Amino acid sequence: MVRVQETFDEAVRENIVEFDMEAEEALKSAIAEFEDQNVDLSNIIKSVSGGNTSGHPAAECLATVKTASGAEFVQACHHLVLLLEDPEGEASNILLQRGAVGALLSVLEAGGGAADAEGASAGLRVLKALFGTRSHQTACLEATGPPILQAIVARPESTLGVKALGLEAATALARKHEAGKVALLVAGMASAALPVLESLSANEELCGVAAEHGALGILLRHFSAASKAGEESVMRAACAALRQLCSSDSCKAAFLDQDDVIPRLASALKRYNTRPLITEQVLGLMTNLTLRNPAASLALVGERGCLDAVLRALTAAAMERTADPRAASAMRQGCMAIRNMAVRCEEAKTELLALHAQDVLYSIRDSSAPGALQDAASAALRDLGMLDYLPKAR
């Protein structure tokens, strides 16, 4: 690239000196000459000043980014983003030649001007803008950028806003760039991203946007792969994010449209029914999915062994409750899922009664102290049609 730049600059100078062309005419003539020879000019600076870009605003801003801090750093980053928005400008190529990606990654890794949330956010916005071109994506891989982005997203002290921008930068790096995708996966970005996705899926609008961009399918693939590999932390995080998304009515139908979604949930319950932290998330996902949604209840009934797996998970959690207090949360989610299915879906109610779900619920109700779990078991019994659903007086 440097050699092409030097040759191009020499051609422009020759047009001016040897052929008495005006500067702009000399530039246009050199561009036409190189393009006629099928020379790729996409990564060089096409200006009369050529490679001497020290006075260009992009070069000046980058110099500031390398040394400044606080408001000065943030302002320089903001100016770079604006310069990169101009498709006719030379900012991208100037920043490429001056190693902007590597410089920004170094600043983000070390702190410096990006030591606080505002600075880190500003630096990540520049990276996201730069990753719109393949050359900058490649520069990121050469600068071992994926582990740095992963560390920013996984860092406990990073704010949710910084984590989200880190994911956006990673998404830009991976877009139409297979090597970028692989490098991010190797760096552990998927595991770091899942808790952030869960936090971001906090309202109806965000859930809808996430679903439109394929989040359900991505998370379900991570969930299934982690389930098969026994990676419980990834599996739990993926399921928690899916659970959050399915709290939105707009996502429920899209979730059910995913391939083999109910068999995957049933399989996870069967395999991990002695792991309350996992069964809580799977049962919680079923609870959200079946709330005001008879179609989801029918789908669960239609999967052979699924409702039986729910009851077995409840029974296993009850047995684990003494050793693991967190099992109570899994039990509560299971009771709520049963209630949601029974109250709006006669087929589910009939199947649950045939499986003696009421016996499991009576046991939970009678062995629990007054509170949320006992209330959930009683409500499920009521919606199954049990007249003696209220807790017995003690």
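The values are calculated or read from the model by the stated rules, or taken from the named source; none is laboratory data. Everything quoted here is computed from the prediction, not taken from an experiment. Note: ideal-geometry Cβ built from the backbone for every residue, glycine included; neighbour counts use all protein chains shown.
Brief remarks on what is shown
- Restricting region 230-249 to residues that are modelled with pLDDT of 85 or more and more than 16 Å from the chain's Cα centre (by Cα), the residue that is surrounded by the most Cβ atoms within 10 Å (Cβ to Cβ): 248
- For residue 181, the stated conditions hold: it is over 14 Å from residue 62 (Cα atoms), without any contact (Cβ under 8 Å) to a residue 12 or more places away in the chain and assigned by TED's automatic domain parsing to the domain that holds residue 61.
- Test: residue 123 is at pLDDT below 90 and assigned by TED's automatic domain parsing to the domain that holds residue 63: no
- Filter result for the condition that a residue is buried (at least 23 other Cβ atoms within 10 Å of the Cβ), modelled with pLDDT of 95 or more and more than 16 Å from residue 382 (Cα to Cα), over 331, 341: 331
- Being modelled with pLDDT under 85 and hydroxyl-bearing (Ser, Thr, Tyr) holds for only one residue in 224, 201, and it is 201.
- Close pairs from region 234-252: first under 20 Å from residue 329 (Cβ atoms), partner assigned to a helix (DSSP H, G or I) and among the basic types (Lys, Arg), Cβ under 7 Å, at least 6 apart: 246/252
- Qualifying residue in region 16-28 (condition: at negative phi, among the aromatic types (Phe, Trp, Tyr) and modelled with pLDDT of 85 or more): no
- The residues of region 214-273 that are in a helix (DSSP H, G or I), closer than 22 Å to residue 308 by Cβ and among the charged types (D, E, K, R), listed by number, are 228, 243, 264, 270, 271.
- Where a residue in region 92-107 is over 15 Å from residue 81 (Cα atoms) and its partner, wherever it lies, is of a type in the set (S, T, N, Q) and surrounded by fewer than 23 Cβ atoms within 10 Å (Cβ to Cβ), with Cβ under 9 Å and at least six apart: 97/5; 97/43; 97/53; 98/53; 105/144
- Selection from region 360-394 of residues that are of a type in the set (Ser, Thr, Tyr) and assigned to a helix (DSSP H, G or I): 362, 363, 367, 378
- Residues in region 29-77 that are part of a helix (DSSP H, G or I) and β-branched (Val, Ile, Thr) were compared, and the one that is modelled with the lowest pLDDT is 31.
- Exclusive hit being assigned by TED's automatic domain parsing to the domain that holds residue 349, surrounded by fewer than 20 Cβ atoms within 10 Å (Cβ to Cβ), more than 12 Å from residue 340 (Cα to Cα) and of a type outside the set (A, V, I, L, M, F, W, C), set 275, 292, 304: 304
- Number of residues in region 265-312 that are small (Gly, Ala, Ser) and within 15 Å of residue 329 (Cβ to Cβ): the value is 1.
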